[in-house]
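In what follows, a structure is listed as structure tokens, so that the remarks can point back to it.
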Amino acid sequence: MKGARRWCRRVGGAARRHGVPPAPTRAAPGGTHARGMAGSATRGTAGTTTHGMAGTTTHGTAGSATHGTAGSATHGTAGSATRGTANTTTHRTTPTTTPGMTILRPRPRVSLLLHRRSAAAAVILLVLLVGVMLASACLGQTYVSPAEVWRTLRTGSGPYDLVVGELRVPRIVLGALVGAALGVSGALVQSVTRNPLASPDVIGVGHGAAAATVLALATGTVSSPGAMPAVSVAGGLGAAALVYVLAWRRGMQPSRFVLTGVGIGVALSAIVQLYLTDSELEAAEQIKLWLTGSLNGRGWEQAGPLAVVLLLCLPALVWASRAVRPLGLDPDTAAALGVRVDRARLGLTVLGVVLAATATGAAGPIGFVALTAPQLARRITRTPQLPLVCSALTGAFVLVVADLAARTLLPPLEIPVGALTSLVGGPYLLWLLGRRTAAR
């Protein structure tokens, strides 16, 4: 240290003898570092190099040497020069993004990360959904042209007002809403459990809704099927809460959560079967039709509350779209990134259960839509995590197509849409199991 101080004093004296003003010895806040040397020279060079985005660093050489710091930096050489050159080089760093991603900045302090393939897939799925909804409004035992459908929707009157305005359109809208709710719910549950074979049905939502409806009818709490939606929503939420509490052991393990849900579902389905064997024929037929899952006879009365629930859940879904990204990692890595894993899992599970229970209350337990829609959406978008928007659009598209097929395959008979989705979803589940086994 003493030698360094002595050398600095010697350099400062040489600088004063050559007429170089002394440089400050401390760096100003936010400033950069400058170094200089003084001596006699027959040629001088002055150059400035700027590096960085917020500040610059300067190294200067001026005849005899001076060591100092300045607010903005200069690299240069000055002396008794007969010839001089000046060069300026500027390097700017630009933000880099992952391939396939685009940064959107609608405001100076707001930035969004957009996956281009997911955005394109969402637009295509939306166009396909609108097309199949129009086809479903036109096709049936009575064919209605698209122009007549548009005229009926626009004016609210006409020869096809009963067929289009009161029977088909409310059913189509309800099918799209139920499919979207089930698709998002399945994506959330699969993200929490990190298991593509998980769905709200696995954790007991459908079985809880069915058991609550059966118990309400058996005890006389409700006397009409019109009160079933509210009862089934309460039953689904209660069953999911019971599964979560029983699976909690100093934290929630996804495997324990799924296995507990399977056990609770088996117990609740036994209650339903016991009621069906001892109930009267008419009541048993109503329950069996509801348990299969059907959009027949549904309309705006069921679609309205479901639409309200989806709108109220939009802010939570915006948060969920960000929360599912770190949960794709293992819990230790996600916790190291600052994520509160247990709280995030609880919030995503509650949101998924609310959506699934509301959809079940509107149309009954429709199987395999929540299981297949997120995986199909992920294969379309090729994203590392399950895309919520594309899962919703895929679920809506699958359910509207299934309902159209259920109405038109065997006229005048109508297949319950839940039976058709289960018929298609069973082979898909076997294929998915085989694919996972081959991957191991």
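The values are calculated or read from the model by the stated rules, or taken from the named source; none is laboratory data. Fair warning: this is a prediction, and the values are worked out from it, not measured in the lab. Note that we place each Cβ from the backbone using ideal geometry, even for glycine, and neighbour counts take in every protein chain shown. Ligands, DNA and RNA are stripped out before the accessible areas are found, and what is left, the full protein with its side chains, is counted by its heavy atoms. Shrake-Rupley method; radii C 1.70, N 1.55, O 1.52, S 1.80 Å.
Global dimensions of segment 149-281 from alpha-carbon coordinates: Rg and Dmax equal 19.2, 64 Å. Model label points for Arg322 and Arg382, set 7 angstrom from Cα along the Cα-to-Cβ axis, are 2.8 nm apart.
With every protein chain kept in the model, how would you rank Tyr143, Tyr275 by accessible area, 1.4 Å probe, largest at the top? Walk me through the intermediate numbers first.
On the way: Tyr143 140, Tyr275 35 Å².
Result, largest first: Tyr143, Tyr275.
Across segment 385-400, computed HN-Hα scalar couplings (Karplus, 6.51 cos²θ - 1.76 cosθ + 1.60, θ = phi - 60°) run 10, 6, x, 6, 5, 5, 5, 5, 5, 5, x, 5, 5, 4, 6, 5 Hz from first to last residue, x flagging Gly and Pro.
Here Arg151 sits with roughly 100 square angstrom of accessible surface, probe radius 1.4 Å.
At a 1.4 Å probe radius, which order do Asp330, Asp161 fall into by accessible area, largest first?
On the way: Asp330 65, Asp161 45 Å².
So, going from the largest accessible area down, we get Asp330, Asp161.
Here each label is just a point 7 Å from Cα along the line to Cβ, and for Ile124 and Ser255 those points are 3.7 nm apart.
Taking the charge dipole of segment 137-233 about its Cα centre, with +1 at Lys and Arg Cβ atoms and -1 at Asp and Glu Cβ atoms, the residue from Thr213, Val173, Pro159 reaching farthest to the positive side is Val173.
How much area per residue is accessible in segment 284-410 when the probe is 1.4 Å and only protein heavy atoms are counted (Å²)? Can you show the working numbers first?
Values: 5540 Å² over 127 residues.
Accessible surface, normalised per residue, equals 44 Å².
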